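Structure, as structure tokens:
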Amino acid sequence: MSLTLTRCRVVGSDTTSTELSAILYFLLKNPAAYRKLRDEIDRATASGRLSVPHVKYSEAAKLPYLDACCKEGMRLVPALGMALPREVPPGGREIAGRFVPGGVKVGINATTLQRDQGVFGADADEFNPERWFREDAGNMEKHMMHVCGRP
């Protein structure tokens with residue numbers, strides 16, 4: 001398998017297929033979201049904003065509901081199963097009720113982090129692309145694992 005190491009994560013064909021499968025699964029399980037996405041794509045195609053038959057990434061990236069569906073699928077099923085490592089700052093920090101000294105490496109599984117109700121809302125275990133249009137979407141974005149090309 002060919003891998004590319006970026007500042008955000010390791011990606012390859014297996015992670016891409018996992019993410020795409022999850023996004024399609026959730027869309028098929030949520031007819032309202034599927035219809036809304038299909039309508040956005042149909043409108044963009046009809047207005048000439050999408051190339052036919054091969055859509056360019058730069059065109060697809062301008063579809064806000066498509067972006068929200070992708071973020072939501074990747075939030076619920078992050079393809080990378082390893083912990084997201086961080087180093088505790090000097091002076092230490094209290095983490096989950098325990099003091100951890102500075103310099104210690106800690107980590108959290110992305111699935112756990114990206115289903116945190118304190119960040120993603122009471123419906124954090126549900127597929128809801130609409131959450132990405134809330135005022136606090138920037139805060140949610142900070143808690144997501146990112147693929148290449150994203151901040």
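The values are calculated or read from the model by the stated rules, or taken from the named source; none is laboratory data. What you see is a predicted model, and the numbers here were worked out from it, not measured in a lab. Note that each Cβ is placed from the backbone with ideal geometry, even for glycine, and that neighbours are counted across all protein chains shown.
Residue-by-condition table, conditions (1) polar (S, T, N, Q); (2) surrounded by 11 or more Cβ atoms within 10 Å (Cβ to Cβ); (3) touching a residue at least 12 places away in the same chain (Cβ under 8 Å):
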| site | (1), (2), (3) |
| --- | --- |
| 74 | no, yes, yes |
| 77 | no, yes, yes |
| 98 | no, no, no |
| 105 | no, no, yes |
| 120 | no, yes, yes |
| 123 | no, yes, no |
| 126 | no, yes, no |
| 133 | no, no, yes |
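When only residues in the range 24-60 that are out of contact with any helix residue (DSSP H, G or I) (no Cβ under 7 Å at 6 or more places or on another chain) and part of a loop (DSSP other than H, G, I, E, B) count, which is nearest to residue 125 (Cα to Cα)?
30
Quick check on the range 68-110: of everything there that is within 18 Å of the chain's Cα centre (by Cα) and of a type in the set (Lys, Arg), which residue is farthest from residue 133 (Cα to Cα)?
Once the filter is applied, the top-ranked residue is 75.
Filter the range 73-85 down to residues that are modelled with pLDDT under 85 and out of contact with any Leu (no Cβ under 9 Å at 6 or more places or on another chain) and give me whichever is nearest to residue 25 (Cα to Cα).
Within the range 73-85, the match that is nearest to residue 25 (Cα to Cα) is 79.
Conditions tested, residue by residue: (1) of a type in the set (A, V, I, L, M, F, W, C); (2) modelled with pLDDT of 95 or more.
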site: 14; (1), (2): no, no
site: 18; (1), (2): no, no
site: 33; (1), (2): yes, yes
site: 37; (1), (2): yes, yes
site: 49; (1), (2): no, yes
site: 54; (1), (2): no, no
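Just to verify a result, which residue in the range 79-93, among those that are surrounded by fewer than 17 Cβ atoms within 10 Å (Cβ to Cβ) and small (Gly, Ala, Ser), is farthest from residue 111 (Cα to Cα)?
Top of the filtered list is 91.
Looking at residue 65, is it closer than 23 Å to residue 24 by Cβ and exposed (fewer than 14 other Cβ atoms within 10 Å of the Cβ)?
It is false that residue 65 is closer than 23 Å to residue 24 by Cβ and exposed (fewer than 14 other Cβ atoms within 10 Å of the Cβ).
Looking at residue 94, is it farther than 18 Å from residue 26 by Cα, in contact with a Lys or Arg (Cβ under 9 Å, 6 or more places away or on another chain) and of a type outside the set (A, V, I, L, M, F, W, C)?
No.
Kindly list, by first and then second residue, each pair from a residue in the range 47-65 that is of a type outside the set (Val, Ile, Thr) to a residue that is not in a helix (DSSP H, G or I), limited to pairs with Cβ atoms under 6 Å and residues at least 6 apart or on different chains.
Note: pairs meeting the criteria are 59/50.
Being more than 19 Å from residue 18 (Cβ to Cβ) and not basic (Lys, Arg) is true for just one of 67, 39. Which residue is that?
39 is the lone residue from the list that is more than 19 Å from residue 18 (Cβ to Cβ) and not basic (Lys, Arg).
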